[in-house]
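> Quick one: this structure, given as structure tokens, is what I'll be asking you about.
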Amino acid sequence: MSARVVHRGLALAMMVAWSLVAHPARAGEYDPDSTDWQGMARFAELVRRQSGELHVVDELDWSRVHPEDVLVVVYPTRALDSENFAAFLVDGGRLLLADDFGGGAGLMERLSLQRLEPLPEALPHHNFVGGEPEWPRHVTRGRHPLLVEVEEVISNVPALLLNQGGPVVAFDEGAGLVYDMTLGEGRAVVVSDPSLWINAMLPVADNERLAVNSVDYLCEPVGEGCRVWLVHGDFDTRHGYRRRGSGDGAEGAVVARIERINERVRHIFKELAQTELLYFLGLLLSLGSVSYLATVLPWRRSRRLSEFVQRERHELAPPQTEFDWNVARFSRLDRSINQALPMAILKEVFEEIFLDALGLWPSTSKTRPPIDVVAREFDARYSGRFPDAERGRRRKRVQDFLSLLAGVPTRHRVFLESDIHYSAGDLARFYQQAHEILGWMGKEADYERRTRQHHKPQLAARRGG
């Protein structure tokens, strides 16, 4: 057993022991000078070592903050002044914001992140330390500078972050723990659990390595050092951030313009998710992948890219959006387009129609009956008039297809599970099998409407039919 595994195991045991006698850390307990279990002295020393210059302050004086600096904000108890932070980022500044239930929600919104605060048992996750919902284990996937030598991150009662793009560290069934975002020329690493950085949690799993990577990523180029301002809790602010080379009020105009663009992009994504996505899927099924991509991509041109994606995309052929970057990354080896996204959408449509007809919708993979039970329910409802041999064939066909379906990632996980690849032939076979099964149920026309037309038939209408 490696020393690293032993170290991680001991740290995990210590964390569990602490959890038996202490509650999760609160705002006043994130003290960068404290060596107690809920303090952040170890994190502060890490930042000082990686950056070369750390200033822990109770008052953030914007007149002293430069675009080359890094701001580290941990669990602010007051609502952050989004205008000053946004102007700093637009000017090229860098930010590490770690906040679950504090005052960072407004700034997160400015970064196009929505924060949700669910109860631990309501997290979209199923991998926990000792089965305890307060301690999610996040197995990392994909490639990003924040994930170098990071295999697992353990959080403690985190919030959820939502964005149209994929997170760097995710929950099992959608939403993110860590996002890499940009605003103007700046970048922001946003973490929905500040307790990752407390003394008790930093040594656990690869939390400390994630912290090292975050500081290095924000202080690029690595090795040259940077100045870091660290604030937490109920800190004060002074003056206002003044953009370099701008006249009075210029930074507000720039930030307002970017915010208008961001709002337009959010509106487009919302409309796309509600109406146009299934229409584009219909184009894919009828005209092929090239027509589909050519139609979808213009909707994504205004999408902000993380700095990492911006660098990586230059290694790939056009198109050049984050969506395309992922698609191209999936298909580097054999130069064929990965059909994982349309497979995920077809899965979503099939499940809703099929399970609704059996009285099992809405449901999740955790709450619905096992596949063999669902197949028997299908047999009882839709195959009773056929001879035994035909009934057996159809039941097996349904059971095999449901097993195949279980292996297809959800739409939220497509870009995280980069090793999953589906060809155009896989997509065609999947569609044909789904169409056959729903045809036995008299639902094939519904399936056609859902995948080839703009509108979405109402569940009530289907039930009434």
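> For the pair residue 49 and residue 239, what calculated FRET efficiency results from E = 1/(1 + (r/R0)^6), where r is the Cβ-Cβ distance and R0 = 30 Å, to the nearest 0.05? Write out the running numbers ahead of the final one.
Values: r = 30 Å, r/R0 = 0.99.
Using R0 = 30 Å, I get an efficiency of 0.50.
> Using packing as a proxy for protection, rank 75-88, 42-55 so that the peptide with the highest average count of other Cβ atoms within 10 Å comes first.
Working: 75-88: 21.2, 42-55: 18.3.
Packing proxy ranking, top to bottom: 75-88, 42-55.
> Follow-up. At 20 °C and 1.002 mPa s, grab the translational diffusion coefficient of region 111-161 from Stokes-Einstein with a Kirkwood Rh over Cα pairs, rounded to a whole number in µm² per second. Please list the in-between numbers first.
Values: Rh = 12.2 Å.
The estimated diffusion coefficient comes to 176 µm²/s.
> Once the convex hull of the C-alpha atoms of region 114-193 is built, how many Å³ does it hold per residue, rounded to a whole number?
Working: hull volume 7.1 nm³, N = 80.
Dividing the Cα hull volume of region 114-193 by its residues yields 89 Å³.
> Sort the following peptides by mean Cβ neighbour count (other Cβ atoms within 10 Å, averaged over residues), highest first: 204-211, 424-431, 56-63, 349-356. Working shown, then result.
On the way: 204-211: 22.9, 424-431: 15.5, 56-63: 13.6, 349-356: 20.2.
The peptides rank, most packed first, as 204-211, 349-356, 424-431, 56-63.
> Under a 5 Å amide H to amide H cut-off, with H placed in plane at 1.01 Å, what residues pair with residue 227 once short-range neighbours are removed?
Sorted by chain and number, the residues that satisfy this are 70.
> Report the local net charge at residue 129: Lys and Arg +1, Asp and Glu -1, summed over other residues whose C-beta lies under 11 Å from its C-beta.
Values: positive: 137; negative: 132, 134, 152.
So the environment of residue 129 carries a net charge of -2.
> For region 32-162, state the semi-axes of the equivalent ellipsoid (square roots of 5 times the eigenvalues of the alpha-carbon gyration tensor), sorted largest first and rounded to whole angstrom. Intermediate values should be presented prior to the final figure.
Numbers: eigenvalues 146, 71, 51 Å².
That gives 27, 19, 16 Å for the three semi-axes.
> Over region 26-148, average the accessible area per residue using a 1.4 Å probe and give it in Å², no decimals.
Details: 5080 Å² over 123 residues.
Using a 1.4 Å probe on heavy atoms only, each residue of region 26-148 averages 41 Å².
> For labels at residue 151 and residue 119 in the simple 7 Å Cα→Cβ model, what's the distance in nm?
3.5
> Give the distance, in whole Å, between the Cα centre of region 97-157 and the Cα centre of region 359-375.
With region 97-157 and region 359-375 each reduced to a Cα centre, they are spaced 28 Å.
The values are calculated or read from the model by the stated rules, or taken from the named source; none is laboratory data. From a predicted model like this one, the values you see are computed outputs, not experimental measurements. Quick reminder, even Gly has a Cβ in these numbers, built from the backbone with ideal geometry, and neighbours come from all protein chains shown. To get the accessible areas, we keep the full protein, side chains included, count just its heavy atoms, and leave off ligands, DNA and RNA. Shrake-Rupley method; radii C 1.70, N 1.55, O 1.52, S 1.80 Å.
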